[in-house]
Amino acid sequence: MQSWQEYLRFVVTLTAVLDPFLAVPIFVSATAGYRASQRKRLARIVTITVFLVLTGAALFGEGLLRLLGASLPAFQVGGGLVLLLMALAMLNAHVGDIRQTPAEAREMKEREYGGVVPLAVPLLAGPGAIGTSIIAAQHGGVPHQAALVVCILLVSVALWLVLHLAQGMASRMGNTGLNIASRLLGLLLAAIAIQTMAGGLRELFPGLA
């Protein structure tokens with residue numbers, strides 16, 4: 001197992017990648033006209049889906065990479081680049097095409113909203129969050145993976161709490177407040193993304209160290 005600082009970093013990184021504040025206006029808009037019980041049920045479905053997807057990535061992602069012949073350092077560089085693009089979109093208070101393309105956004109408005117798609121996947125548990133979980137699980141045994149699952153559970157609980165309180169948060173914070181929170185997470189995510197890419201590049205090119 002790693003030190004508690006590493007697990008804290010993982011929790012902070014995953015929270016920044018998920019960016020629950022970004023999901024608040026989308027969740028409120030998609031559930032307009034829903035009863036309180038329906039919104040609570042939908043928040044629960046989204047949270048459970050995110051937890052299962054990220055847990056699966058942490059437990060089986062590294063094995064899948066090996067099966068495909070992709071190295072973890074290369075995945076770190078690619079994953080860090082994805083995180084950086086997401087961070088830049090967050091700094092501009094945009095969803096970004098990595099999370100959701102315009103076509104997916106239109107499809108969301110035209111069809112009945114199910115919760116799992118597109119809010120849980122790929123808006124929240126998308127490439128960035130999945131990549132972060134896989135990178136964190138590298139070279140770890142069962143105790144390390146168990147600790148990561150606990151971390152994912154903590155982040156999922158925080159996500160559920162934000163979605164559960166989405167109506168009140170949207171009215172109190174407004175778009176400006178939510179955007180400020182998202183930009184702060186984006187700034188943090190940008191630093192983490194560059195650090196992730198640097199670590200992968202050092203592994204790929206030892207002469208850079």
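Just so it is clear, none of the values below were taken in a lab; they were calculated from the coordinates. Quick caveat, the model's predicted, so the values are computed rather than measured. FYI the Cβ positions are ideal-geometry reconstructions off the backbone, even for glycines, and counts take in every protein chain you see.
List of remarks:
- Of all segments of the chain bounded by trypsin sites (Lys or Arg not before Pro) found in a DSSP loop with no more than 16 other C-beta atoms within 10 Å, the longest spans 112-209.
- Sequence-distant contacts, meaning Cα pairs under 8 Å at least 6 residues apart, place the relative contact order of the chain at 46 percent.
- Mean shadow area of the range 17-95, taken as a quarter of the surface of its Cα convex hull (nm²): 6.4 nm²
- Computed from the alpha carbon atoms alone, the convex hull of the chain holds 122 Å³ per residue.
- Summarised as an ellipsoid, the range 128-209 has semi-axes of 32, 20, 6 Å, derived from the eigenvalues of the Cα gyration tensor scaled by 5 and square-rooted, with the largest first.
- Ascending count of other beta-carbon atoms within 10 Å, so fewest first, for 185, 201: 201, 185
- Phi-derived couplings, Karplus 6.51 cos²θ - 1.76 cosθ + 1.60 at θ = phi - 60°, listed residue by residue for the range 166-172: 4, 4, x, 5, 5, 6, 7 Hz, with x used for Gly and Pro.
- Alpha carbon centroid spacing (whole Å) that separates the range 179-209 from the range 1-77: 18 Å
- Residue with peak Gaussian network fluctuation, the chain [Cα springs, cutoff 10 Å], from 136, 166, 191: 191
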